[in-house]
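Every number here is computed from the coordinates shown, using simple stated rules; none is lab data. Bear in mind that the values here come from a model prediction, so they are computed numbers and not experimental data. FYI the Cβ positions are ideal-geometry reconstructions off the backbone, even for glycines, and counts take in every protein chain you see.
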Amino acid sequence: MAPVRRVELVTRWARELDQVIYLARSRDDIEHALTSALDDVVRTLTADPFRPERAAVVAERLVELGLTSSESLERSIEVLGKGMPHLPELDGIDAAAEKLVRVLSTMARGFSDGMRQRLFDEQEGLTRALIQARENAERALSDSEARFEEIFSTSSVGMAISDLDGTLLRTNRALAAILGHRGPLSAARLEDLFHAEDAEYLRLRYQVLLEDDSLPFRERRRLLREDGEEALVFLSASVLRDPDGTPRYFVTSAEDVSDKHLLEGQLQFQATHDVLTGLANRSRFTGRLEEALRGSCSHDDVTVFHLDLDGFRTVNNGLGRDAGDRLLQTVASRLREVFGEESATVARFDGDEFAVLVENTPATPSIASLAARINDELAEPVYIGEHGVAATATIAVMHRPPHDALPAEILRATDLTLQRLKTTGRRQWGVVDAEANERDRELFSLASSMPGAWENGEIALEYQPLVSAADRRPVALQALLRWNHPDYGRLDHTRCLEALAETGLAMPIGRWMLDQACTQLSGWAARSDEPLPKLYVELSTELAGDPDLIATVHGVLTAAHLEPERLRLGMPVQALCRVDGLAEDNLDVLTDLGMEVVLYEFGNSRGDLACLEDLPVHAVKMAGKVVSRVARQGDNALFTRSIRQLVPLIRDSGTPVIVGNVDSQAQYDWWRAIGVDALQGDFTGTTASSHDTEHLFVA
């Protein structure tokens, strides 16, 4: 998932709260308060030393803000649990996932403490009312006793009045209910209500209260129920005095927090588990992985399986999200079954992404066996209505990662491997390849910095000639990208295209490239005494199918004062063979305007000839993979013989053939011998900058 900013997380948090609670404040006030809370949570996570108890104060402030329902707390924990791992501020923090779980759990407890504080404030008011009632009894005994009796007997909080030596004088029905008594309490002394393990401490605590009742007495303690079980309560006590200040009684209040204790457990579970499937979530998984890597597990090594379902979007779009959710739940259940006999943590990250951490033993099956069992189990259909739906998964595996590796590094490595495997088809699995991942990291690093490089002028054009096979005379100049990278040096056109494919810049850079090339060629032509070769620009798949392509080309030619006949455009076979027909429509209009269109990347599939037969193209350019394969194989290879027959077949249709990537005399001679019309490559003419190309044609 891409990094998120705090302001985005706060907006999402406020939007979730709007759905479950009404806060009588402006949206700006709410977001300001949530921003302050989020800032405090981030400071808690990044502080050294790490003190998760500071997060309790944040939760208590949220209660003061008005978040007083369990739903608002659940939404808050869910938003923070999913969003905070992607904050850039948390990158590089040791044990970030484990720390976040501890902070969220502390916030849940802080929420309960805040709620209890409200309740205790009410209890103190009740105690003051009792005291006031006692004082008023001296003046109006009957009225005050009636009021006292009403408060005491109807309170939902368990209450007991005892003398200073602990003898019980009065208890209410609420206390009897908390302790499981159907009738009045049978205990004679206050200490008889205490759990055996808490009794001695509480006796001392009451003694301290008697000596100094300014010290608050509010603690979570255990009382003893009628059936012998324990009741978890928040116990508070105060001293009731005579008008002259003499201590007379203890007033004890007991709030049953057993349900709140269960809620805290549920909230902690939600903070570390996926709601839909019940599996561990990413935070929990990374925490377990870190524990395993640091040797806290009982096994010598671990294996990480990182899964991504194939074609899950098809189920969602075709049968609806309910069907997709049902399939995800089935996948979760079957993964549990596959790894049921292993010491394993099965997790769901986001969407259709799962992971499994296996703590290996001598009996653990091989990686290949487990990968096969995963897909065999997933292949069994689950029926949703009348539809039998099944799943397959692409699986990346890291076996025995180094103990000093960070969980984030491991998951990034498996994620890169997943992306690479998915390009090869469905139901693939593979082990992390460190060298391939390093290449991918470099590529993604280039892609992420490409927008800035383009804006800063690091990306420029260079040109390479296409020459006639007959006399090696230049017949066209192909415009190519060149990136003068500050760290990697000069990156050629192929490397630029690889990085460009990982960005959303294919369209804007393609338009810029076309505009720059036409402008430069027009300027050279105006200063040259000899006619220049035609300009050749290869369009990306996205730009070839752009509905605005015709307007773009027309605008570029008009601005450059260049005739359409001077421009030759390349369109990829992949774009022209699409069902939507947008690229084909553009091709028809471009040829009507007088431009020559080249069908490039030709020869990769059997359908290319049919595409050639149906389209009004000027020439075809053989795919780079075809040229490379011919160079590797001998003349007697089946593929080479088929290409030797293919080229004359294309030319018999009246279509010239162009070949690129020609790097040697042997390649040049072979392709010329089978009849190609033009060649391109380092052997026929190396690439040159715009400046050097201009000097070749302008005296």
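Miscellaneous remarks
- Mean residue ellipticity (222 nm) of the chain, computed from DSSP H runs ≥ 4 via -39,500 (n - 2.57), nearest 500: -16000 deg cm²/dmol
- The range 546-562-the range 178-234 distance, computed between alpha-carbon centres (Å): 86
- Measuring r between the beta carbons of V589 and D28 and using R0 = 41 Å, the FRET efficiency lands at 0.20.
- Approximate spin-label separation V208-M507, in nm, with each point projected 7 Å along Cα-to-Cβ: 6.9
- Zone of F444's modelled label, taken as backbone nitrogen in the range 345-387 under 16 Å from a point 7 Å along Cα→Cβ: 350, 353-354
- Here the scattering of the range 297-432 is modelled by Debye summation over its C-alpha atoms, one equal scatterer each and no solvent; at q = 0.12, 0.19, 0.20 Å⁻¹ the log10 of I(q)/I(0) is -0.46, -1.09, -1.20.
- Mean Cβ count within 10 Å, highest first, over the residues of peptides 670-683, 211-224: 670-683, 211-224
- Candidate aspartates and glutamates - alpha carbon under 16 Å from K534, same-chain residues fewer than 8 apart omitted: E462, D515, E563, E565, E596, D677, E694
- Taking the C-alpha atoms only, the angle from helix 367-378 to the longest principal axis of the chain is near 80 degrees.
- Residue order, fewest to most surrounding Cβ atoms within 10 angstrom, among E71, E584: E71, E584
- Residues of type lysines that K82 reaches as a straight line, Cα spacing below 27 Å, ignoring anything fewer than 8 places off in the same chain: K99, K260, K422
- Rg then Dmax, both in Å and based on the Cα atoms of the range 156-260: 13.1, 42.
- Summary value for the chain: 7 percent relative contact order, contacts being C-alpha pairs under 8 angstrom separated by 6+ residues.
- Quarter the surface of the alpha carbon convex hull of the range 536-664 and you get the mean projected area, 8.5 square nanometres.
- When you count the other C-beta atoms within 10 angstrom of each residue and take the mean per peptide, 158-166, 349-357, 641-649 line up highest first as 349-357, 158-166, 641-649.
- The range 587-627: radius of gyration over Cα atoms, expressed as a fraction of 2.2 N^0.38 Å: 1.21
- Each peptide in 372-379, 198-205, 593-600 gets a packing score, the mean of other Cβ atoms within 10 Å over its residues, and the list from highest to lowest is 593-600, 372-379, 198-205.
- With 20 Å bins from 0: P(r) over the chain, alpha-carbon pairs, percent: 13, 31, 28, 15, 9, 3, 0
- Remark: spin-label model distance D165-Q117 equals 4.0 nm, labels positioned 7 Å along the Cα→Cβ axis.
- Between 0 and 90°, nearest 10: helix 258-272 axis offset from the chain longest Cα axis: 10
- C-alpha long axis of helix 141-154 to longest principal axis of the chain, angle in °: 40
- Gap separating the Cα centres of the range 365-432 and the range 652-699, nearest whole Å: 45
- Residues in the range 417-435 that a label on A368 would reach, taking backbone N under 13 Å of a point 7 Å out along Cα→Cβ: 429-431
- Charge dipole magnitude, Cβ of K and R +1, D and E -1 - the chain, Cα centre, debye nearest 20: 820
- In this structure, A673 and V275 have a Cβ-Cβ separation that, at R0 = 60 Å, corresponds to a calculated FRET efficiency of about 0.35.
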